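Written out below as structure tokens is the structure these notes cover.
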Amino acid sequence: NNAYSAVGYGIYHGGTITLTQRWNRGLQFQVNYTFSRALDDTSDFSSLTTPFRPGFLNLDYGVSDFNITHNLVANGVYSLPFRSTPGNLGRSIFTNVTISPIVSARSGVPFTSLVPGLENGTIGHNSNARPWHEGRNDGQGPDFVSEDLRISKTLTWKDSHQSLELIAQSQNISNRTNFAEVNNNFPANPNYPLSGTGTLENGPYNLKGFTPKSVSQLSEPLAFTSSYPARRISLGLRFAF
């Protein structure tokens, strides 16, 4: 049987800096940066994260599963300053055009290294466990950066309240590969080398993943194993009346 109890403890420290340009001459933008740290002794009710000693949660106190140390989000809206002129096709094309970019960048979420553990499922209801000297969530996953863009043009009719908006938008327009997960499974070898002069038995465990160069490397410890969606482009129409 699984027993659930609201005994977890967590704390969040954060500071935010915001720069805002209000609408002026067809331009507005906002930039937000947050520096934070989330700490707890358990991050979820999932049985997969069951602590080895449920009565001593203080031994699992560390960075939260959802901790994001650095987070930057910038967005803007810019309306091109062109006005339609009879007989001037170029100006007509760029009239009532609005460009709206969004840039998101954040540091990676943490992960915990695992090695083959007790086969009876005592640790986290699976056969894996942390190395003896490793804390919870000592590793850091891959960073995330995405640039999104929306461009729209509004067509209006003289002496009419109707309009047609042409919309083109893209997520991850630069098609950057943003990795989502790290292979955190290590072999049962206490002498397995880690970064620097450390070993799996004693650390240090401030590990980061690497980009695999072949399919065979996907099974190697610390290889990135999955990614967020590639660039996506969508087109749309909106009719107002």
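The values are calculated or read from the model by the stated rules, or taken from the named source; none is laboratory data. None of these values were measured; they are calculated from a predicted model. Cβ coordinates were reconstructed from backbone atoms using ideal geometry, including for glycine residues, and neighbour counts include every protein chain displayed. Ligands, DNA and RNA are excluded from the accessible area calculation, which covers all protein heavy atoms including side chains. Shrake-Rupley method; radii C 1.70, N 1.55, O 1.52, S 1.80 Å.
A quick yes/no check of all residues on (1) β-branched (Val, Ile, Thr); (2) under 22 Å from residue 69 (Cα atoms); (3) over 16 Å from the mean Cα position of the chain (by Cα):
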{"residue": "128", "(1), (2), (3)": "no, no, yes"}
{"residue": "141", "(1), (2), (3)": "no, yes, no"}
{"residue": "167", "(1), (2), (3)": "yes, no, yes"}
{"residue": "171", "(1), (2), (3)": "no, no, no"}
{"residue": "220", "(1), (2), (3)": "no, no, yes"}
{"residue": "228", "(1), (2), (3)": "no, yes, no"}
note = Within segment 134-182, the residues that are open to solvent by 70 Å² or more (accessible area, probe 1.4 Å) and in contact with a Phe, Trp or Tyr (Cβ under 8 Å, 6 or more places away or on another chain) are 161, 162, 181
request  = May I ask you to verify whether residue 228 is of a type outside the set (Gly, Ala, Ser), crowded, with 16+ Cβ neighbours inside 10 Å and either farther than 18 Å from residue 143 by Cβ or out of contact with any His (no Cβ under 7 Å at 6 or more places or on another chain) (or both)?
outcome  = no
request  = Consider residue 222 carefully, then state whether it is at pLDDT 90 or above and surrounded by fewer than 15 Cβ atoms within 10 Å (Cβ to Cβ).
outcome  = no
inquiry  = Of the residues 92, 104, 127, only one is small (Gly, Ala, Ser) and at pLDDT 90 or above; which?
reply    = 104
task = Starting from segment 223-241, keep only residues that are closer than 22 Å to residue 170 by Cβ, then list their pairs with residues that are open to solvent by less than 60 Å² (accessible area, probe 1.4 Å) and in a strand (DSSP E or B) whose Cβ atoms are within a distance under 6 Å, requiring at least 6 positions of separation or different chains.
result = 226/180; 227/179; 227/180; 228/180; 233/170; 235/168; 236/167; 238/165
remark   = Of the residues in segment 105-119, those that are small (Gly, Ala, Ser), surrounded by 16 or more Cβ atoms within 10 Å (Cβ to Cβ) and under 24 Å from residue 142 (Cα atoms) come to 107, 108, 113
note = Filtering segment 199-219 down to residues that are open to solvent by less than 40 Å² (accessible area, probe 1.4 Å) and hydrophobic (A, V, I, L, M, F, W, C) yields 200, 207
task = Filter segment 25-45 down to residues that are assigned to a loop (DSSP other than H, G, I, E, B), within 24 Å of the chain's Cα centre (by Cα), among the charged types (D, E, K, R) and loosely packed, with under 15 Cβ neighbours inside 10 Å, then give me how many there are.
result = 1
message = Among the residues of segment 62-72, are any outside any strand (DSSP E or B) and modelled with pLDDT under 80?
response = no
message = Can you go through 22, 53 and tell me which one is open to solvent by 100 Å² or more (accessible area, probe 1.4 Å), among the charged types (D, E, K, R) and modelled with pLDDT under 85?
response = 53
ask   = Scanning for something open to solvent by less than 50 Å² (accessible area, probe 1.4 Å) and either free of Cβ contacts under 8 Å to residues at least 24 places away in the same chain or within 16 Å of residue 138 (Cα to Cα) (or both), does segment 187-198 turn up at least one residue?
value = yes
